[in-house]
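I have placed the structure first, in the form of structure tokens, so that the comments after it can refer back to it.
The values are calculated or read from the model by the stated rules, or taken from the named source; none is laboratory data. Nothing here was measured: the structure is a model prediction, and the numbers come from that model. Here Cβ is always computed from backbone atoms with ideal geometry, including for glycine, and neighbour counts include all displayed protein chains.
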Ligand code: B3K
Ligand code: ZN
């Protein structure tokens with residue numbers, strides 16, 4: 001397979017200014033006529049031939065300026081025009097087969113409707129093109145289809161014409177006034193209905209908003225529409241960015257490789273990321289939908305108006321847009337003023353980063369935010385590009401403040417609107433707008449690996465001085481990461497000093513005239529640097545990396561009592577939570593090592609007491625408490641063990657959960673009763689907070705040796721639930737209690753759940769996932785349940801949501817069962833990766849990644865993991881899967 005290098009970028013030899021596409025939509029064979037105005041790129045070296053790419057296309061005919069030409073040659077992989085003129089019109093007619101397209105890239109059929117996915121390189125499966133983001137054209141699209149099968153015909157931009165055709169067919173013509181790269185092209189055709197709303201944007205213009213779904217889903221579109229309206233207003237208010245089209249459409253489709261896609265004016269969404277009502281969508285789903293609707297909408301400026309020069313720059317749009325959606329969600333969950341509500345969102349985002357990105361950065365797929373090379377670009381839509389990329393953008397805001405960040409954004413749009421640019425262009429705009437040299441900051445884009453900051457402190461009582469020494473390195477980075485590292489980073493390191501009364505001390509650094517503020521962003525630029533605070537009346541407790549001001553690991557030798565103190569007093573809500581997590585991680589890792597060595601468990605009371613105070617502290621919001629009472633996941637723990645041992649991590653976590661459930665039994669019961677949410681369902685963040693804390697209490701109760709309370713409460717909760725958060729919470733508590741005690745209390749509600757939602761695929765996905773992630777029982781390992789469910793009539797490997805619900809949930813979110821000592825999980829993994837490889841390489845490659853950290857596991861497991869990887873490597877066909885397993889084995 002060929003490796004594409006960032007260093008090899010060359011401007012396109014030709015440009016395409018306009019594209020007119022005509023589709024005759026037929027599921028088995030769709031004919032596409034593509035007329036382009038092509039000209040030589042004055043800014044590029046002289047190539048004589050025009051080389052267009054095309055994949056899986058049937059060539060029908062082609063013409064230059066309306067005449068057939070011997071210079072045109074269609075071939076495997078594309079179409080060449082020999083000695084192309086300087087400027088000409090090229091018309092190519094070809095055909096593709098949407099119904100047979102299981103890759104879900106290009107034009108395909110989902111649930112009887114036509115839809116497209118072009119990012120990153122799907123457009124070449126529709127027609128021949130310069131399918132690269134630095135070629136931007138204006139598109140006109142004519143869709144023709146059977147009127148009964150496809151009453152609705154949609155594409156980007158504005159509808160300019162429509163009408164009937166002979167033989168029961170009709171047509172619609174769309175024009176997108178904005179230049180765009182081919183990856184933002186989209187069409188949808190089929191039986192759809194829309195929720196509509198008209199709004200006025202800041203400049204007073206009226207806009208039509210539509211959420212298109214299948215008729216039976218119309219009652220689940222309200223939340224998406226509300227989220228869209230809020231996104232539009234927020235982007236105007238926070239960034240001065242207005243919706244630039246008269247019409248903005250969202251379409252939901254049930255077969256989709258990822259969450260959603262920001263096609264210009266015609267966003268296409270996975271149904272999972274759009275459809276919601278209280279009976280079918282959890283509180284988490286509601287929050288996700290809001291942030292994804294926001295994310296795709298925000299791409300309209302960060303991604304579409306200003307796009308990427310090449311795919312190595314992906315984080316230019318993704319990191320920035322994730323940052324924007326995080327800020328949006330934080331604002332929605334409680335406003336900018338409500339620190340605690342903002343912190344809840346921040347904590348959740350950091351959890352995801354640590355769970356998905358830190359592991360990636362420590363393994364064979366480690367890559368910089370701006371990668372240097374790839375084999376298959378679809379493998380680089382990663383946690384690093386998205387999540388670490390968002391942290392990198394956040395650091396500009398931490399360095400320059402909101403106003404400075406806004407100035408940088410304004411300059412970025414002023415310079416680059418309508419262009420395809422690079423991460424360097426963004427950094428330069430931030431630097432210039434704020435009068436700063438940000439050359440060192442480039443390392444955040446070029447270096448892989450998670451930086452580690454080691455902190456030591458020294459208090460000089462006589463001199464009232466407190467010295468903080470920060471030392472940065474990359475810990476034990478993987479070879480893949482080490483290869484990219486060249487020097488220290490600029491790390492904005494936010495710090496506070498907490499006094500013995502629990503209050504923040506005013507901060508004054510050596511050399512400053514007076515004290516100012518209680519949180520300071522230190523700029524760490526050297527490998528090691530000292531910062532001295534003066535006028536420090538007593539020995540403080542440092543609150544480090546407040547609000548997680550950089551995507552780094554902080555090491556500091558806190559005592560258990562100090563962590564408990566910070567958990568109780570730190571004014572920075574993120575660090576309050578962090579103190580609890582540090583304490584829990586430390587205890588759990590000790591337990592895990594005990595388990596791995598076959599010793600008996602010995603756990604101090606520190607965690608129990610810390611949890612008791614959080615649980616009973618009514619001054620803390622329920623949502624914060626629910627987060628603080630959550631133990632780090634088994635996967636997170638296993639990754640932090642010297643040698644990953646999922647069974648030990650599982651045993652440790654279970655032991656701690658049981659201990660916490662027994663020791664705090666009365667408190668859990670009281671919390672459960674106190675946070676009941678009787679009466680009508682409310683979708684507010686506050687109500688969700690109550691449901692969340694109630695759910696945590698119920699889960700802990702389900703760990704008790706005597707499950708009677710949990711079974712009684714959960715059964716009642718299941719029976720009276722008026723929302724799926726409560727219903728699923730009850731069901732998983734029952735399943736958990738049953739697994740522990742060998743009871744059968746979960747059978748009835750599990751069957752009831754299926755019967756109740758049989759016709760609602762998204763809820764049935766939850767039913768599959770609940771079973772795939774359940775705790776195992778000696779007499780029935782979960783792999784048997786999963787294999788059984790693969791035979792269920794509702795299972796369908798071709799539907800990515802269903803495959804993810806069952807297979808990915810088991811392989812990725814049930815570590816103790818997946819990593820069974822007998823290797824049964826790995827054999828299953830290899831089978832499923834290969835089965836998916838033949839259907840949908842992108843989805844297969846995602847699954848392939850679940851074994852990438854194999855070298856870190858116990859020898860017995862890693863040998864079996866390696867064998868499974870080798871088997872996949874021998875039999876896989878797609879570039880996607882091969883890249884992953886080959887990097888893992890290298
Ligand atoms: N830009 C799309 C992702 C496309 C993935 C292609 N494999 C969704 C998003 O990030 O908004
Ligand atoms: Zn995105």
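Filter the range 802-838 for residues that are buried (at least 20 other Cβ atoms within 10 Å of the Cβ) and touching a residue at least 60 places away in the same chain (Cβ under 8 Å); which is nearest to residue 633 (Cα to Cα)?
My answer is 815.
Has the range 291-300 got at least one residue that is farther than 27 Å from residue 139 by Cα, within 14 Å of ligand 1 (Cβ to nearest atom) and either modelled with pLDDT of 95 or more or buried (at least 24 other Cβ atoms within 10 Å of the Cβ) (or both)?
Within the range 291-300 (the criterion being farther than 27 Å from residue 139 by Cα, within 14 Å of ligand 1 (Cβ to nearest atom) and either modelled with pLDDT of 95 or more or buried (at least 24 other Cβ atoms within 10 Å of the Cβ) (or both)), the answer is yes, since at least one residue qualifies.
Just checking: which of the strands (runs of 3 or more DSSP E) contained wholly in the range 64-130 hold 3 or more residues that are without any contact (Cβ under 8 Å) to a residue 40 or more places away in the chain?
Filter on the range 64-130 gives 72-75.
Given the condition closer than 30 Å to residue 301 by Cβ and exposed (fewer than 13 other Cβ atoms within 10 Å of the Cβ), answer yes or no: does some residue in the range 483-499 qualify?
No.
For the range 513-524, give me each residue that is part of a loop (DSSP other than H, G, I, E, B) and surrounded by 13 or more Cβ atoms within 10 Å (Cβ to Cβ).
Taking the range 513-524 and keeping what is part of a loop (DSSP other than H, G, I, E, B), we get 513-519.
Passing the criteria: 515, 518, 519.
Based on this model, can you work out whether residue 33 counts as assigned by TED's automatic domain parsing to the domain that holds residue 169, touching a residue at least 40 places away in the same chain (Cβ under 8 Å) and either closer than 22 Å to residue 134 by Cβ or surrounded by fewer than 19 Cβ atoms within 10 Å (Cβ to Cβ) (or both)?
Here the answer is yes, as residue 33 does meet what is asked.
Determine if the range 313-323 includes at least one residue that is free of Cβ contacts under 8 Å to residues at least 40 places away in the same chain and more than 18 Å from the chain's Cα centre (by Cα).
No, the range 313-323 has no match at all.
Hey, which of the helices (runs of 4 or more DSSP H) in the range 792-890, taking only ones fully inside, have at least 3 residues that are over 24 Å from residue 650 (Cα atoms) and modelled with pLDDT of 95 or more?
800-803, 824-839, 841-848, 859-875, 879-889
Only residues in the range 360-375 that are under 17 Å from residue 888 (Cβ atoms) count as the first member; pair them with residues that are buried (at least 21 other Cβ atoms within 10 Å of the Cβ) and at pLDDT below 95, Cβ under 7 angstrom, at least 6 apart or cross-chain, and list the lot.
Once the first residue is under 17 Å from residue 888 (Cβ atoms) and sits in the range 360-375, its partners that are buried (at least 21 other Cβ atoms within 10 Å of the Cβ) and at pLDDT below 95 give 361/481; 366/481.
Here's a check for you: in the range 109-132, which residue that is closer than 24 Å to residue 317 by Cβ and in contact with a helix residue (DSSP H, G or I) (Cβ under 6 Å, 6 or more places away or on another chain) is farthest from ligand 1 (Cβ to nearest atom)?
Among them, the one singled out is 129.
Taking the range 237-264 as the search range and keeping residues that are touching a strand residue (DSSP E or B) at 6+ places or on another chain (Cβ under 6 Å) and within 16 Å of ligand 2 (Cβ to nearest atom), which one is farthest from residue 113 (Cα to Cα)?
My answer is 264.
Can you tell me which residue among 209, 275, 245 is in contact with a helix residue (DSSP H, G or I) (Cβ under 9 Å, 6 or more places away or on another chain), assigned by TED's automatic domain parsing to the domain that holds residue 187 and assigned to a loop (DSSP other than H, G, I, E, B)? Spell out the reasoning first.
Values: 209 fails: assigned to a loop (DSSP other than H, G, I, E, B); 245 fails: in contact with a helix residue (DSSP H, G or I) (Cβ under 9 Å, 6 or more places away or on another chain).
Of 209, 275, 245, the one residue that is in contact with a helix residue (DSSP H, G or I) (Cβ under 9 Å, 6 or more places away or on another chain), assigned by TED's automatic domain parsing to the domain that holds residue 187 and assigned to a loop (DSSP other than H, G, I, E, B) is 275.
If you take the residues in the range 146-167 that are without any contact (Cβ under 8 Å) to a residue 24 or more places away in the chain, assigned to a loop (DSSP other than H, G, I, E, B) and at negative phi, which one is farthest from ligand 1 (Cβ to nearest atom)?
Top of the filtered list is 166.
Mind listing whichever residues of the range 254-266 are free of Cβ contacts under 8 Å to residues at least 60 places away in the same chain and not in a loop (DSSP other than H, G, I, E, B)? Before the answer, list the steps.
At the first step, the residues of the range 254-266 found to be free of Cβ contacts under 8 Å to residues at least 60 places away in the same chain are 259-260.
Within the range 254-266, just 260 meets the criteria.
Please work out which one of (1) surrounded by fewer than 20 Cβ atoms within 10 Å (Cβ to Cβ); (2) more than 30 Å from the chain's Cα centre (by Cα); (3) in contact (Cβ under 8 Å) with a residue 24 or more places away in the chain; (4) part of a strand (DSSP E or B) is the condition residue 143 fails and give its number.
Here residue 143 meets the rest and fails (1).
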